[in-house]
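The values are calculated or read from the model by the stated rules, or taken from the named source; none is laboratory data. These numbers were taken from a predicted model, which means no experiment stands behind them. Glycine also receives a Cβ, built like all others from the backbone with ideal geometry; neighbour counts cover every protein chain displayed. For the accessible areas, the whole protein counts, side chains as well, though only heavy atoms, and no ligand, DNA or RNA atoms are used. Shrake-Rupley method; radii C 1.70, N 1.55, O 1.52, S 1.80 Å.
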Amino acid sequence: MPHENFVATDWLAAHLGEPDLGIIDASWHLPPTGRNGDAEFRQGHIPGSVFFNIDVIAETSSGLPHMLPEAAAFAKDMTELGLGDGMHFVVYDTLGLFASARVWWTLRAYGVGKVTILEGGYPKWLREGRRIETGDAHPKPRGFTPKLDPGMVASLDDVRRALATGAAQVLDARPPDRFEGRAPEPRPGLRSGHMPGSLNLPFVEIVDHGHLKTGAELAATLAAHGVDLNKPVITSCGSGVSAAILALAVEEAGGTVAGLYDGSWAEWGARADCPVATGPAGKA
């Protein structure tokens, strides 16, 4: 059974307040924007939603940004947010489709069966003149049982093996100038370029005004960037956020995701034992 990955604003508006509905604001912004998702949540959010901070609900001991949290810590955070077992989670963000994909992936990785992304996100909700709330959320705790699906997560060794054997395609969501090594990375200490043998599909090419392209459009765009949907795909990016948009796109286009590389370029680009190529995909 394929997953239903999106839900319409009309549907959400009609189901607000239902006890088994968990609405999650996943907004996150790149540091140069100066925007703060937590502060913006207090200024306005969909009624009944809670704020999921991917920098806080994360494994931090590795030093890598917003890594998948450990199971016990994740269970505690989810319980405190009132996001418990048996609920249908609807995730949105203030950019339409950005960090909501990362939280969608996180929930799926921890065994949540019913998690959907709000089509068009908060911008569409506002454009339609729908009701919002301000201030802090006050959720009632609800127990959450994490059940990690290891197949959702690709490690550094998984990526090395895929690149060496061709068992999976590695698809990078970063902009072409960063992928090709023509522009510096925004995080200090990282080399410029890409994993030798990886492919590049900048996520902005598959997101149009906060909406993911349709299945047929996605398949065509993926093919144009060298992706064979008959072979598994590992997705990557700068720090594991837009990689989730690629994972969503591959799934929506009918392909198989062999995991999201959680460390992404923040890990690979910082390690001297990981080779780096420059120039277009497929060229050393």
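Couple of notes before you dig in:
- Farthest positive-ward along the range 32-181 dipole, Cα basis, beta-carbon charges - from Ile132, Tyr110, Val159: Ile132
- Here the spin labels are modelled as points 7 Å beyond Cα on the Cα-Cβ line, and at Arg187 and His29 they lie 2.1 nm apart.
- When you filter the trypsin sites (Lys or Arg not before Pro) in the range 1-102 for DSSP loop state and at most 16 other Cβ atoms inside 10 Å of their Cβ, you are left with Arg35.
- Between the range 193-227 and the range 154-190, the alpha-carbon center distance in angstrom: 15 Å
- Heavy-atom surface of the range 49-198, accessible at 1.4 Å and reported per residue (Å²): 43 Å²
- Total charge dipole magnitude, the chain, about the Cα centre, Cβ charges on Lys, Arg, Asp, Glu only, Debye to nearest 20: 400 debye
- Within the chain, the longest run free of exposed loop sites, counting GluC sites (Glu not before Pro) that sit outside DSSP helix and strand states (H, G, I, E, B) and have at most 12 other Cβ atoms within 10 Å, spans 129-284.
- Other residues within the sphere of radius under 13 Å centred on the Cβ of His45, judged by their own Cβ, net out at -3 (K and R +1, D and E -1).
- Since only Ala244, Leu218, Pro150 are under comparison, the one whose Cα sits farthest along the positive direction of the charge dipole of the range 134-284, derived from C-beta charges on Lys, Arg, Asp and Glu, is Pro150.
- Greater than 25 Å apart at Cα, pairs in Lys114/Lys147; Lys147/Lys213; Lys114/Lys140; Lys114/Lys213; Lys76/Lys114: Lys147/Lys213
- Sulfur and carbon atoms: percent of accessible area, the chain [1.4 Å]: 54 percent
- Relative contact order (%) - the range 235-284, alpha-carbon pairs under 8 angstrom, separation at least six: 35 percent
- Label sites at Arg127 and Lys231, each approximated as a point 7 angstrom past Cα along Cα to Cβ, lie 3.7 nm apart.
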